[in-house]
Every structure is written in structure tokens, then in C-alpha cells.
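The values are calculated or read from the model by the stated rules, or taken from the named source; none is laboratory data. Being a predicted model, the structure only gives us computed values, none of them experimental. All Cβ positions, glycine included, derive from the backbone under ideal geometry; neighbour counts span all protein chains shown.
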Amino acid sequence: SPVLIWDRKAGLLQAVSLSSKSGLSRGRKVMLSALGMLAAGSAGLAVALHSAVNASDLELHPPSYPWSHRGLLSSLDHTSIRRGFQVYKQVCSSCHSMDYVAYRHLVGVCYTEDEAKALAEEVEVQDGPNEDGEMFMRPGKLSDYFPKPYPNPEAARAANNGALPPDLSYIIRARHGGEDYVFSLLTGYCEPPTGVSLREGLYFNPYFPGQAIAMAPPIYTDVLEFDDGTPATMSQVAKDVCTFLRWASEPEHDHRKRMGLKMLMMMGLLLPLIYAMKRHKWSVLKSRKLAYRPPK
């Protein structure tokens, strides 16, 4: 079969038959054969890698839920944030910390300043030293961060059978799937299938990597009573705490979308002006004509 070869002397492509005497040299034939084998090997490797089995494929991926704040211009549900904080305070805070969230962050989001001060004063915070050089306990203030359930990681592991409860400040951003994963994890506890055995202290959850998790089912229906009277079903509790954790991970969520809307409106007003300036500046250059007059 003919092969297209670039002829440097003639400066064009020529069709040359491999079987002809004037065809390719032996070295070029070997090179073309090697290139063909390399291309075939690369294609086979790509197919093999595409069909390879990854460890993550053995995990159950969470479905995508219709969260109300996922719209382009949708804000977080602040009543849900308030209920989610109640879930964290009464259920999650016994094991999980939120080192990067302070009581002052709640002001104007889901609590008034007086309500946030009252919440802060419910906890005792170590402060000092005083005039005698001793540490002392005082009521919490708005500037204080949420208290830690354990003094150090070693104490946390000792109280949880060797497992270290993660900090929840940025847990939504730190997990693939975000609030979908956390919601599915909280509501996905079930009995292990036939043939699967778990050691003592572990629970089966198909959404957790490895399907064995040290955290006992933390929520259930009527695990608490919401201040606004909302029925505390399992799905409602999980939804509210996920919304609260989304706000904790992205406290600028609503402000970012408001600024984006303002920028779009501003660009819509400036775009006609910018287009007119562009036409005015470049019209002279685009419409000019260059004429060459050869010397006589």
C-alpha cells in the first residue's frame, strides 16, 4: 500500500509504495513499524486504564439531593441553620469540635446579639492568668470559640475506642460530595449484609469508606426538640445540621452570591459603553487603507 512521504528536495508529499525499489529504506520501515506498535500499545493502555477497577468504585456514592441553597442566586435557609446549630449543640458537640467557629459568628445569621451572648455564657471558659498568676474559669463571651469536647487528641481517641472524631468546621468542604455525603452518612446506617462481620465497636454504613465506622448512629427521630416546633424526624435533623455545616464551611456563601449578582448587573450596564468605546477607538484602524505606489 502507498505511504505518503515528505520529499525535502521537491518540497511536497509523494506517494511511495513499500514494495517498490524506490520506496522506503529499511531503517524507515523499522521506524514506521515501531511507531505503529507504540500507537497500538498506547491505545491498549488507555483502554485498560479506563476499564480498571478503583478502590473508590466499591463504595456507595451518595445521591445528589435538591438543596435549596444550590441555585445560582439561592441563599442558605437561616431558620435551618438555627435548627442545625441546635443539633450540633445537643448531639454532635459531645464528640466533635468546631475550632474555627465563634459565638460572634452566629450574630445576624441565626441569632441576635443578645441570644448569642446568652449561648456563650452557658459555657465556662478557662482564662488567665490573673494577678496571682493562676488560671481561672469565667463565663463565655461572644469572642470565644466553641468549646472542645476533649482537651487533646489522645483523650479523644481514648474515649472513642481509638477513633479520632474529626473537626466539623470545614467538614462539608473537606469531604467529596459535601452535604450530600454527610446527609447520606447520617441517615445510611443499616444492618451489615450476610457474610459481613464487624468487630466490636464498629457499625455498618455503606457510604463510609470501608463501610465500617466507629461512630454510632448519632441521630434518630425525636432525638431533640426544635425551638420553633419543627418535627424532629431523622431526615429533618440531618438536613438541618448539614445546612449548618455548609454555612460553617462557607460563611461567605450568601455574600458571595449577592456580590456576584451586583457584578453581573454592573457588567450589563458597562458592556454597551465598553463596546461603543471599542468601536470608536478601533474604527479608524480597521477602516484605513494602505496603498503601495511603486517608484517611477
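When you check residue 142 against the structure, is it out of contact with any Asp or Glu (no Cβ under 6 Å at 6 or more places or on another chain) and surrounded by 14 or more Cβ atoms within 10 Å (Cβ to Cβ), yes or no? Spell out the reasoning first.
Values: out of contact with any Asp or Glu (no Cβ under 6 Å at 6 or more places or on another chain): yes; surrounded by 14 or more Cβ atoms within 10 Å (Cβ to Cβ): yes.
Judged against the criteria, residue 142 is a match.
For residues in the stretch 221-234 being exposed (fewer than 14 other Cβ atoms within 10 Å of the Cβ) and free of Cβ contacts under 8 Å to residues at least 60 places away in the same chain, which is farthest from residue 178 (Cα to Cα)?
For the stretch 221-234, the residue satisfying everything is 229.
Within the stretch 125-139, does at least one residue satisfy the condition of being in a strand (DSSP E or B), over 19 Å from residue 95 (Cα atoms), among the basic types (Lys, Arg) and free of Cβ contacts under 8 Å to residues at least 24 places away in the same chain?
In the first step, residues of the stretch 125-139 are kept if they are in a strand (DSSP E or B); the result is 125-127, 136-139.
This time we only want the ones that are over 19 Å from residue 95 (Cα atoms), so: 126-127, 136-139.
When the remaining residues are screened for being among the basic types (Lys, Arg), the result is 138.
This time we only want the ones that are free of Cβ contacts under 8 Å to residues at least 24 places away in the same chain, so: 138.
For the stretch 125-139, residues in a strand (DSSP E or B), over 19 Å from residue 95 (Cα atoms), among the basic types (Lys, Arg) and free of Cβ contacts under 8 Å to residues at least 24 places away in the same chain: present.
Which numbered condition trips up residue 247, out of (1) touching a residue at least 60 places away in the same chain (Cβ under 8 Å); (2) surrounded by 11 or more Cβ atoms within 10 Å (Cβ to Cβ); (3) farther than 30 Å from residue 159 by Cα?
Of (1) touching a residue at least 60 places away in the same chain (Cβ under 8 Å); (2) surrounded by 11 or more Cβ atoms within 10 Å (Cβ to Cβ); (3) farther than 30 Å from residue 159 by Cα, only one is false for residue 247: (3).
Would you call residue 260 without any contact (Cβ under 8 Å) to a residue 12 or more places away in the chain, under 30 Å from residue 83 (Cα atoms), in a helix (DSSP H, G or I) and out of contact with any Ser or Thr (no Cβ under 8 Å at 6 or more places or on another chain)? Please lay out each step first, then the result.
Details: without any contact (Cβ under 8 Å) to a residue 12 or more places away in the chain: yes; under 30 Å from residue 83 (Cα atoms): yes; in a helix (DSSP H, G or I): yes; out of contact with any Ser or Thr (no Cβ under 8 Å at 6 or more places or on another chain): yes.
Spelling it out, residue 260 is indeed without any contact (Cβ under 8 Å) to a residue 12 or more places away in the chain, under 30 Å from residue 83 (Cα atoms), in a helix (DSSP H, G or I) and out of contact with any Ser or Thr (no Cβ under 8 Å at 6 or more places or on another chain).
Only one of (1) at positive phi; (2) at pLDDT 95 or above is not met by residue 162, so which one is it?
(2)
Whether any residue in the stretch 235-246 is among the charged types (D, E, K, R) and either modelled with pLDDT under 95 or more than 30 Å from residue 90 (Cβ to Cβ) (or both) is what I want to check.
Let us first name the residues in the stretch 235-246 that are among the charged types (D, E, K, R), namely 239-240, 246.
Remaining after also requiring either modelled with pLDDT under 95 or more than 30 Å from residue 90 (Cβ to Cβ) (or both): none.
Scanning the stretch 235-246 turns up no residue that is among the charged types (D, E, K, R) and either modelled with pLDDT under 95 or more than 30 Å from residue 90 (Cβ to Cβ) (or both).
For the stretch 218-257, how many residues are in a loop (DSSP other than H, G, I, E, B) and of a type in the set (Val, Ile, Thr)?
Selection size over the stretch 218-257: 5.
Mind listing whichever residues of the stretch 186-198 are in a loop (DSSP other than H, G, I, E, B) and touching a residue at least 12 places away in the same chain (Cβ under 8 Å)? Step through it out loud before you land on a result.
So the first thing to find is which residues in the stretch 186-198 are in a loop (DSSP other than H, G, I, E, B), and the list is 188-198.
Matches in the stretch 186-198: 188, 189, 190, 191, 192, 196, 198.
Looking at the stretch 78-134, which of its residues are within 19 Å of residue 171 (Cβ to Cβ) and either of a type in the set (Ser, Thr, Tyr) or exposed (fewer than 14 other Cβ atoms within 10 Å of the Cβ) (or both)?
Listed by number, the residues that qualify are 80, 88, 90, 93, 94, 97, 99, 100.
When the residues of the stretch 167-191 are filtered to those that are more than 12 Å from the chain's Cα centre (by Cα) and surrounded by fewer than 15 Cβ atoms within 10 Å (Cβ to Cβ), which remaining residue is nearest to residue 149 (Cα to Cα)?
Checking each candidate, the answer is 190.
Looking at the stretch 100-113, can you tell me whether even one residue there is more than 22 Å from residue 234 (Cβ to Cβ), assigned to a helix (DSSP H, G or I) and touching a residue at least 40 places away in the same chain (Cβ under 8 Å)?
Applying the first criterion (more than 22 Å from residue 234 (Cβ to Cβ)) to the stretch 100-113 yields 100-109, 111-113.
When the remaining residues are screened for being assigned to a helix (DSSP H, G or I), the result is 103-106, 113.
If we keep only those that are touching a residue at least 40 places away in the same chain (Cβ under 8 Å) as well, we get 103, 105.
Yes; the residues of the stretch 100-113 include at least one that is more than 22 Å from residue 234 (Cβ to Cβ), assigned to a helix (DSSP H, G or I) and touching a residue at least 40 places away in the same chain (Cβ under 8 Å).
When only residues in the stretch 193-220 that are loosely packed, with under 14 Cβ neighbours inside 10 Å and polar (S, T, N, Q) count, which is farthest from the chain's Cα centre (by Cα)?
Looking at residues that are loosely packed, with under 14 Cβ neighbours inside 10 Å and polar (S, T, N, Q), I get 194.
Scan 180, 167 and give me the residue that is of a type in the set (Asp, Glu), modelled with pLDDT of 95 or more and part of a loop (DSSP other than H, G, I, E, B). Steps first, please.
Numbers: 180 fails: part of a loop (DSSP other than H, G, I, E, B).
Exactly one of 180, 167 is of a type in the set (Asp, Glu), modelled with pLDDT of 95 or more and part of a loop (DSSP other than H, G, I, E, B), namely 167.
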